[in-house]
Amino acid sequence: MVPAIPIISFTICVFSAFLIFTKRPRYSFDSIYSIFIIFLAAPHLGHLLVHRFEWGPEFLDFTVLFPYTYGPLLLLYIQNITTEGKRFRKADLLHFVPFVILQCILLSRLFFFQPPEEEFSPYDWHRPSRGFHPNGGLLVTSMLVYSAWTFLLLNNHRKNIVNHFSNIDSIKDLRWMYWSLVLFVISTGVHILLEGLLFTDLRPETYEPRLVRGAAVLAFSVFFCWFGVRQTVVYTHRELHAFKERTAKAEVEVEEDRKKYEKSGLREDMIPDYLSKIRNYMESEKPYKDSEFSIDLLSENTDIPRFYITQILSETLETNFYNFVNEYRIKDIIYALENISEERPNFLRLALEYGFNSKSTFNTSFKKVTGKTPTQYLEEISKVGSV
């Protein structure tokens, strides 16, 4: 009987790949994602064919080497989606050298060094005497290293986006990827545990390694495929278009300005003028009413380099772009609440009108600025007005 878990996992991966290939627009990180889930399906396909057609262990060895690509592909996926306009580089192929080497070793052994034939049953695919794979320790190390590396990239991304966007949601901060990493590490931990049990006197039949490991991989596959298909660009289409249209000359000029800034720093006498220019623009134009307002747009309309704005907000005002913009939004909403005639104003309507993209973000920002929820604040000003 063909096991159910590989069938379910393989079907989910193939269907997700189909959705990505038909997605419009499709971005470079989508291509990395589609490769990842196709490779994720490879071991499941291997187990299915071994069970269905009783193919030998060599084919199974070939398919179970694909997990060596999971860590690098996760890393490249996060690098691509969190970096402005970054493209795949030839140097990135170095991440896949261990996978290629192991495949070459396997194929050379298969075609040039034929091992003596051994009795093989597809229901003994775990092969207790050898472990899940002869190089299981290398696989576990690879997965853990890349998991830590990806986690650091995600943390760095979350620190950066507060200096870029005025609205942050699950699409921009990639919070689902944290849970994907947790499931990825759990799956790796299950692999370590089952490998360790092979050195004990417990027979595999008592703890069903195929079922346990398959369930861990299935949980990761379902979660990653579901959220990965829904993921879109972190940076807005307008910004991505600007990145693509930027000429090589402009890139050189920006880099030279950045180096000059790093050497000399932002002069103290420039800060008051820049800050005044920023505040005047915010108060007169009210650009924050656009939910897609970003630091790039602020830089473009004030002619102040983006990294200067970031430094001024951080060192002079001790805040970041996200909080700076939302303070303006909250102040306008407070003014609207104090002058509104409605007994029960629609907070969601007000939030959307002044640039927030969700009620939850509005509530969090409102409490951070005022120390109260919108309802509590409204009740307080109502009591003051009735006195």
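Just give me the residues in the range 337-360 being part of a helix (DSSP H, G or I) and either open to solvent by less than 20 Å² (accessible area, probe 1.4 Å) or in contact with a strand residue (DSSP E or B) (Cβ under 7 Å, 6 or more places away or on another chain) (or both), in sequence order.
Leu337, Leu350, Ala351
Yes or no: the range 287-301 includes at least one residue that is touching a Leu at 6+ places or on another chain (Cβ under 6 Å) and open to solvent by 20 Å² or more (accessible area, probe 1.4 Å).
No, the range 287-301 contains no residue that is touching a Leu at 6+ places or on another chain (Cβ under 6 Å) and open to solvent by 20 Å² or more (accessible area, probe 1.4 Å).
Only residues that are open to solvent by less than 10 Å² (accessible area, probe 1.4 Å), in contact (Cβ under 8 Å) with a residue 40 or more places away in the chain and within 14 Å of the chain's Cα centre (by Cα): list them for the range 148-178, please.
Within the range 148-178, Thr150, Leu154, His157, Ile161, Leu174, Met177 qualify.
Please give the helices (runs of 4 or more DSSP H) falling wholly within the range 250-326 in which 2 or more residues are more than 22 Å from Lys172 (Cβ to Cβ) and either in contact with a helix residue (DSSP H, G or I) (Cβ under 6 Å, 6 or more places away or on another chain) or modelled with pLDDT of 95 or more (or both).
On the way: elements: 271-285, 295-302, 306-311.
Ranges flagged: 271-285.
Would you check if Ser16 is at pLDDT 80 or above and closer than 21 Å to Thr232 by Cβ?
Against the criterion (at pLDDT 80 or above and closer than 21 Å to Thr232 by Cβ), Ser16 qualifies.
Can you tell me which residue is most open to solvent (accessible area, probe 1.4 Å) among those in the range 179-202 that are more than 30 Å from Thr82 (Cβ to Cβ) and free of Cβ contacts under 8 Å to residues at least 60 places away in the same chain?
Residue satisfying both the conditions and the ranking: Phe199.
Would you point out the residue of the range 11-52, among those that are touching a helix residue (DSSP H, G or I) at 6+ places or on another chain (Cβ under 7 Å) and of a type in the set (Phe, Trp, Tyr), that is most open to solvent (accessible area, probe 1.4 Å)?
Phe21
Among the candidates Phe53, Phe36, Phe66, single out the residue that is modelled with pLDDT under 75 and not acidic (Asp, Glu).
Result of the check over Phe53, Phe36, Phe66: Phe53.
Testing Phe321 on (1) closer than 30 Å to Glu268 by Cα; (2) open to solvent by less than 30 Å² (accessible area, probe 1.4 Å); (3) free of Cβ contacts under 8 Å to residues at least 60 places away in the same chain, one condition comes back false. Which one is that?
If we test Phe321 against (1) closer than 30 Å to Glu268 by Cα; (2) open to solvent by less than 30 Å² (accessible area, probe 1.4 Å); (3) free of Cβ contacts under 8 Å to residues at least 60 places away in the same chain, just (3) comes out false.
Checking Leu202 against (1) part of a loop (DSSP other than H, G, I, E, B); (2) at pLDDT 80 or above: exactly one of these is not met. Which one?
Of the numbered conditions (1) part of a loop (DSSP other than H, G, I, E, B); (2) at pLDDT 80 or above, the odd one out for Leu202 is (2).
What tally of residues in the range 1-50 results from selecting those that are touching a residue at least 60 places away in the same chain (Cβ under 8 Å) and among the β-branched types (Val, Ile, Thr)?
Number of matching residues: 6.
Could you tell me whether any residue of the range 379-386 is among the hydroxyl-bearing types (Ser, Thr, Tyr) and assigned to a helix (DSSP H, G or I)?
Checked the range 379-386: at least one residue is among the hydroxyl-bearing types (Ser, Thr, Tyr) and assigned to a helix (DSSP H, G or I).
Quick one: would you say Gly371 is in contact (Cβ under 8 Å) with a residue 40 or more places away in the chain and on the phi > 0 side of the Ramachandran plot? Quick ask: steps written out before the conclusion?
Values: in contact (Cβ under 8 Å) with a residue 40 or more places away in the chain: no; on the phi > 0 side of the Ramachandran plot: yes.
Taking the combined requirement at face value, the residue does not satisfy it.
Do the conditions hold for Leu74, that is, is it modelled with pLDDT of 90 or more, farther than 22 Å from His47 by Cα and open to solvent by 20 Å² or more (accessible area, probe 1.4 Å)?
Criteria not met by Leu74.
Could you tell me whether Ile168 is hydrophobic (A, V, I, L, M, F, W, C) and at pLDDT 85 or above?
Spelling it out, Ile168 is indeed hydrophobic (A, V, I, L, M, F, W, C) and at pLDDT 85 or above.
Output the residue which, of all residues in the range 123-140 that are out of contact with any Asp or Glu (no Cβ under 6 Å at 6 or more places or on another chain), in a helix (DSSP H, G or I) and open to solvent by less than 80 Å² (accessible area, probe 1.4 Å), is modelled with the lowest pLDDT.
Among them, the one singled out is Asp124.
Answer yes or no as to whether Glu58 is at positive phi and either modelled with pLDDT of 90 or more or of a type outside the set (Val, Ile, Thr) (or both).
no
When you go through (1) at pLDDT 75 or above; (2) under 13 Å from the mean Cα position of the chain (by Cα) one by one for Tyr235, which number turns out not to apply?
(1)
The values are calculated or read from the model by the stated rules, or taken from the named source; none is laboratory data. Computed from a predicted structure; not experimentally measured. Note: ideal-geometry Cβ built from the backbone for every residue, glycine included; neighbour counts use all protein chains shown. Keep in mind that these areas ignore ligands, DNA and RNA; they rest on the heavy atoms of the full protein, side chains included. Shrake-Rupley method; radii C 1.70, N 1.55, O 1.52, S 1.80 Å.
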